[in-house]
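Here is the structure we will look at, set down as structure tokens.
No value in this document is a laboratory result; all are computed from the given coordinates. All values derive from a computational prediction rather than experimental measurement. Heads up, the Cβs are rebuilt from the backbone with ideal geometry, glycines too, and the neighbour counts pull from every protein chain shown.
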Amino acid sequence: MRVGMIGAGSIAQIMHLPYLAELPGVEIEALADPGENTSETLGDRYNVPNRYQDSEALIDEQRENLDAVVIATPMQTHADLAIAALEAGLHTFVEKPIAVTPEDAERVVETAESADAECMVGYMKRYDPGFQRFAELVDDLDQIDLATSVVIPPDVGAVLEDTYDLVQADLDDAFIEESMAARQRQCAEAIGTDDETLGRAYGYHLESICHDVNALRGVFGSVTGIDHVDVFNGWKYLTAQLRYEGDLRCMLESGATDRLWYDERIQVDAPDRSVSIGFSNAFIKNTPADVRVKQGTEETTETIHTPSYDEAFKRELEHFARCVEGDATPRTTPTDAQRDVELIADLFREFEGNALVGDART
């Protein structure tokens, strides 16, 4: 399988490039990043013959040479690049979120449905053995009283500096300003606001909680209603009460902090037990999720499950390779990813008093 890597930032350097290089039968044939120093340094490191600064040029010029692309660029570029790759007939792995706006997410879905290629979205938690065990344990419950999802990640930049020696792209100020302006414009369009702070909040929380919203969808199905939303402490915190099929209530909390520890967990409370998963720092390799069952009304027992130390990012790339070979189908689809974008946009649209666009509007 001949792959092109589009975007060579932190997650590509930490996870995608090394794991693609490890996979049997996979060859990294092309690499694109706007930083010439990045594409050249990493191209040398991984012996990549074709190197670009323009992502669309990679797609146009390598479409006959490649089987697939992995897209790990800033989120405001995901939709256009995924569409270009699918239209070129390339199997496409695109990192989450699939797009910034619900409209762009829908464009990707429509293109994927008509393309002669697979499209898979990078929600690595769905390929985590710990999450799969958690989902099985929840499925065994006869009754659920409440679900709670908390996502308060650390200062990721500080964690990365302490852990990895990454190649930082040399980009001029004009390029960075143009990219950030596109991000802010799309965020404002997604939620129908001219409030710059609220647009910034949407962008942060979209990137932060889309993994967890997708994980909740994998366990509980679609959100049928939004009972409450609050955005406070400037742009940093969001709380919401979601209603799922079967009238299940879920409390969602999302925050931004300068702390160095990772706080990302889902807990499901039942009459006689709780089932919870605590996710490790997504940027630290081979750190397993912590799955716990506390049980008892008179006597209490606690069981801790550690199904595997296998890295979820590697497992999802292995699954993508099987999809390209025709031996599997994507577990994390563009349609589900579209619904995730719609839901997170709807949280902010509900806060603003705007019309909803996703499943919750029904």
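Overview of values
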quantity: Share antiparallel - DSSP beta bridges, the chain, percent rounded to 5; calculated: 60 percent
quantity: Electrostatic dipole magnitude of segment 1-64 [Cβ: Lys, Arg +1; Asp, Glu -1; Cα centre; debye, to 20]; calculated: 240 debye
quantity: Placed amide H near residue 328: partners under 5 Å, 5+ positions off or other chain; calculated: 323
quantity: Share, in percent, of DSSP beta bridges within segment 15-158 that are antiparallel, nearest 5; calculated: 0 percent
quantity: For segment 269-362, convex hull of alpha carbons as volume per residue, Å³; calculated: 183 Å³
quantity: Quarter of Cα convex hull surface for segment 21-117, i.e. mean projection, nm²; calculated: 6.2 nm²
quantity: Lysine pair count for the chain [Cα-Cα under 19 Å; pairs on different chains or 8 or more apart]; calculated: 6
quantity: Among 78, 91, 228, residue whose mean-square fluctuation peaks in a GNM of the chain (springs only between Cα atoms under 10 Å); calculated: 228
quantity: FRET efficiency, 1/(1 + (r/R0)^6) with R0 25 Å, evaluated for residue 325 and residue 56 via beta carbons; calculated: 0.45
quantity: Total charge dipole magnitude, segment 254-362, about the Cα centre, Cβ charges on Lys, Arg, Asp, Glu only, Debye to nearest 20; calculated: 180 debye
quantity: Dipole in debye (nearest 20) - segment 100-179, about Cα centre, beta carbon charges: Lys, Arg +1; Asp, Glu -1; calculated: 400 debye
quantity: Between helix 312-325 and the chain: long-axis angle, C-alpha atoms, 0 to 90°, nearest 10; calculated: 60 degrees
quantity: The chain, relative contact order in percent, only Cα pairs under 8 angstrom and at least six apart counted; calculated: 20 percent
quantity: Angle between the chain longest axis and helix 102-114 axis [Cα atoms, degrees, rounded to 10]; calculated: 70 degrees
quantity: Convex hull of the chain built on C-alpha atoms - directionally averaged projected area, nm²; calculated: 18.1 nm²
quantity: Whole-Hz couplings from phi, Karplus 6.51/-1.76/1.60, listed for segment 64-80; x for Gly and Pro; calculated: 7, 9, 9, 9, 7, 10, 10, 9, 9, 8, x, 4, 6, 9, 4, 4, 4
quantity: Separation of the residue 10 and residue 251 label points, Cα + 7 Å toward Cβ, nm; calculated: 2.9 nm
quantity: Helix-only mean residue ellipticity at 222 nm for the chain, each DSSP H run of n ≥ 4 adding -39500 (n - 2.57), per residue, nearest 500; calculated: -12500 deg cm²/dmol
quantity: Förster radius 30 Å - calculated FRET efficiency between residue 207 and residue 302 (Cβ-Cβ, nearest 0.05); calculated: 0.35
quantity: Packing rank of 263-274, 338-349, where each peptide gets the mean count of other beta carbons within 10 Å, highest leading; calculated: 338-349, 263-274
quantity: Residues in segment 189-227 that a label on residue 361 would reach, taking backbone N under 17 Å of a point 7 Å out along Cα→Cβ; calculated: 189-193, 223-227
quantity: Karplus-derived 3J(HN,Hα), 6.51/-1.76/1.60, for each residue of segment 39-45, Hz, glycine and proline x; calculated: 5, 6, 5, 6, x, 5, 4
quantity: Sites residue 114 and residue 185, calculated FRET efficiency, Cβ-Cβ separation with R0 22 Å, nearest 0.05; calculated: 0.20
quantity: Helix 334-352 vs. the chain, principal-axis angle (Cα, 0 to 90°, nearest 10); calculated: 60 degrees
quantity: Where only C-alpha atoms are counted, convex hull volume of segment 62-200 per residue in Å³; calculated: 207 Å³
